[in-house]
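Colleague: Starting off with a structure, shown below.
The values are calculated or read from the model by the stated rules, or taken from the named source; none is laboratory data. It should be emphasised that the depicted structure is a prediction, and the values quoted were computed from it without experimental measurement. All Cβ positions, even for glycine, are placed from backbone atoms using ideal geometry, and neighbour counts span all protein chains on display. Only protein heavy atoms, including side chains, enter the accessible area calculation; ligands, DNA and RNA are left aside. Shrake-Rupley method; radii C 1.70, N 1.55, O 1.52, S 1.80 Å.
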Amino acid sequence: MMAADQTLAGVPPSLSAKVVGSFAYLTVRDRLPTILTKVIDTIHRNKNKFFEEYGEDGIQAEKQTISLLSKLRNELQTDKPVLALTDGLPDTESWNQYLNRQQRLQGDQESVSWFKSAWLYVECYMYRRIQEALLLNPPISDYDVFNEGKTQSFFESQQAVMALCTYLEGVKKNIDGLSRNQLFEHFNKLLLVSLWGNKCDLSISAGQENSQKTSPLDSLNSLQPFILVDDSSMVWSTLISAQKPGESGKTTADRVDIVLDNAGFELVTDLIFADFLVSSGLARQIYFHGKSFPWFVSDVTANDFQWTIRQTMATNHKWMSKSGFQWQTYLKEGVWSYHDHPFWTQPHEFCDMAADAPDLYATLQGADLVLFKGDLNYRKLTGDRDWDHTVAFNTALRGFRPAPLCSLRTLKANVQVGLQSGQGEKLTSQDPSWMTSGKYAVIQFYNSKSE
Ligand code: F6P
Ligand code: MG
């Protein structure tokens, strides 16, 4: 597709709403304004709550936030230039520098704007501007405008969560007696559950309910044909070859990092998988990476992470609450830890991480395996560019190689690399929306050491 930054040698342009009718165009024209309208409605509906908590100041803040967000929606819909941020937060400068970078790539002829510039950049920018509107209105600065949807998605998937916790309990009961093959089977199942958990995000549905009602374990076989790249055996062998004796005398891989995506059902599938990795002795420690402010409607913040574990503990389903208590214990003992870094809520492609967030890059280098959940992480891994489908994943990563890594992603944006020759064309003829419907998925792995 086309875009502004055609100057980067050998690298295809970023996807952009500039291409009328493209998925990026439809997102910027339809989905983003719908999300903004819902945010405005949510704030308005909570007016009385703000009044009860903060009196007149709460009402003033509600009005001013809505006015800033309406202005933002108007800027977007009329393709106004992207404005510098003014809220003076630690990341403000970096966002403004990134705007300058976009302008340089685009040249001076026209301003960086919603429909003319890189889709990844403007979509991320919208969430940062929502954050700015709240932050400029102190009594309600901490209000999470997406909280209602995230908690609803958790409650609506209770049956599926109970089924998964019951399955996990069964696996753990017999874990010591399992053969390596049996262990691999459970590993594979729970990896797939975490993969398909990514169907349930609220950004693609513009905030419309999108939860998992039935046990995902029952559908894994029927979903298998929709996995376009399946590198799960490489993920497994990476973990196995990382096994070494630790201080406790147990032989495990040292650390697996999970770069989280959505709260609600998907987060539970990630916690279940992480629990399995630790309780089976495949990994000693798990780092979860989440967002430091509400992002892409349903992404996990520290608050969502803690809340989900508390809710899981508080149910009266025996195995579900047992899982919740176990997760709380992992956190207390430091076996699990939650990390957020401002880079995850910035618009950069991940190939920029080593230069622009060297501390985060160094942290990831300490992992034996990094799992990147979801579509947005895939867009950032590949730079959200118009790659040919047959380009190698490694090429699209453009030097991003902190550790062996794997993307677990259902396809919701039109970027996909690492396919067989002709595979993309065949899919397009059979199902034109294959890249954006969330029906297809990839388990795509890369390890620079195995080259
Ligand atoms: O375009 C679909 C979209 O809204 C993208 O902006 C984003 O990549 C994706 O949905 C979010 O999906 P996920 O939660 O899997 O990252
Ligand atoms: Mg998401």
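Colleague: Between Gln365 and Leu217, what length in nm is gained on full extension when 0.36 nm per residue of separation is reduced by their alpha carbon distance?
Modeller: Value of the extension gain: 50.0 nm.
Colleague: Specify whether the C-alpha gyration tensor of region 118-208 places it in the rounded, prolate or oblate class, a ≥ b ≥ c being the square roots of the eigenvalues: rounded for a/c under 1.5, otherwise prolate if a/b is larger than b/c and oblate if not.
Modeller: Since a/c reaches 1.5 and a/b is larger than b/c, the shape of region 118-208 is classed as prolate.
Colleague: Mind checking the per residue accessible area of the chain for me, 1.4 Å probe, whole number of Å²?
Modeller: With all protein chains present, the chain gives 40 Å² per residue.
Colleague: Anything over 26 Å Cα to Cα? Flag those among Lys250/Lys380; Lys173/Lys412; Lys173/Lys250, in the order listed.
Modeller: The pairs that break the limit, which is 26 Å between Cα atoms, are Lys250/Lys380; Lys173/Lys412.
Colleague: Using a simple charge model, +1 on the beta-carbon of Lys and Arg, -1 on the beta-carbon of Asp and Glu, nothing else, what dipole does the chain show about its Cα centre, in debye to the nearest 20?
Modeller: With Lys and Arg at +1 and Asp and Glu at -1, about 680 debye.
Colleague: I need the helices of the chain that pass two filters: whole DSSP H segments spanning 15 Å or more by Cα along the axis, and mean Kyte-Doolittle score no lower than 0.5.
Modeller: Those that pass (Cα extent of 15 Å or more, hydropathy at least 0.5) are 265-279.
Colleague: For Asn303 paired with Ser248, estimate the spin-label separation in nm (one decimal), with each label point 7 Å from Cα along the Cα-to-Cβ line.
Modeller: Reported label-point gap for Asn303 and Ser248 is 3.3 nm.
Colleague: Straight-line reach from Lys71: which lysines have a Cα under 23 Å away, not including same-chain ones fewer than 8 places off?
Modeller: Lys18, Lys38, Lys47, Lys63, Lys80, Lys116
Colleague: Does anything in region 283-311 have its amide N under 15 Å from the 7 Å Cα→Cβ label point of His339, and if so which residues?
Modeller: From region 283-311, the list is 284-292.
Colleague: Based on alpha-carbon centroids, what's the gap between region 432-451 and region 24-70 in Å, whole number please?
Modeller: So the two Cα centres are separated by 35 Å.
Colleague: Another question, if that's okay. Give the long-range amide H neighbours of Arg385: residues separated by 5 or more places, or on another chain, with amide H under 5 Å away, using H modelled in the peptide plane at 1.01 Å from N.
Modeller: Distant-sequence amide H within range of Arg385: Leu15.
Colleague: Further question on the same structure: Cα gyration tensor of the chain, axes a ≥ b ≥ c as square roots of the eigenvalues: rounded (a/c below 1.5), prolate (a/b > b/c) or oblate?
Modeller: oblate
Colleague: With all protein chains present, how much of the accessible area of region 243-345 (probe radius 1.4 Å) comes from carbon and sulfur, to the nearest whole percent?
Modeller: 49
Colleague: Could you tell me which of rounded, prolate or oblate describes region 1-143, using a ≥ b ≥ c as the square roots of the eigenvalues of the alpha-carbon gyration tensor, with rounded for a/c under 1.5 and, failing that, prolate when a/b is larger than b/c and oblate otherwise?
Modeller: Prolate, since a/c reaches 1.5 and a/b exceeds b/c.
Colleague: Across region 397-402, in residue order, what do the Karplus-derived ³J(HN,Hα) couplings come to in whole Hz, using 6.51 cos²θ - 1.76 cosθ + 1.60 with θ = phi - 60° and x for Gly and Pro?
Modeller: 6, 6, x, 6, 8, x
Colleague: Highest mean first, how do 284-290, 157-163, 167-173 rank when packing is the count of other Cβ atoms within 10 Å averaged over residues?
Modeller: 284-290, 157-163, 167-173
Colleague: Computed FRET efficiency, Cβ-Cβ of Ser321 and Thr37, R0 41 Å: what is it to the nearest 0.05?
Modeller: 0.60
Colleague: Along its principal axes, what span do the Cα atoms of region 212-343 show, with the longest given first and each in whole Å?
Modeller: Computed over the Cα atoms, the extents are 40, 38, 38 Å.
Colleague: Another question, if that's okay. How large is the accessible surface of Leu178 in square angstrom, using a 1.4 angstrom probe and rounding to the nearest 10?
Modeller: Using a 1.4 Å probe on the heavy atoms, I get roughly 40 Å².
Colleague: Give the relative contact order (percent, whole number) for region 283-325; include only Cα pairs under 8 Å separated by 6+ residues.
Modeller: 23
Colleague: Also, quick follow-up: Of Ser179, Ser407, which has the most accessible area and how do the rest follow, probe 1.4 Å?
Modeller: Sorted descending by solvent-accessible area, the residues read Ser179, Ser407.
Colleague: List the extent of the Cα atoms of region 320-442 along each of their three principal axes, largest first, rounded to whole Å.
Modeller: Result, largest extent first: 51, 40, 24 Å.
Colleague: In whole angstrom, note down how far apart the Cα centers of region 250-323 and region 369-430 are.
Modeller: 24
Colleague: While we're here: Points 7 angstrom from Cα along the Cβ direction at Asp79 and Gln182: gap in nanometres?
Modeller: Rounded to a tenth, the inter-label distance reads 6.2 nm.
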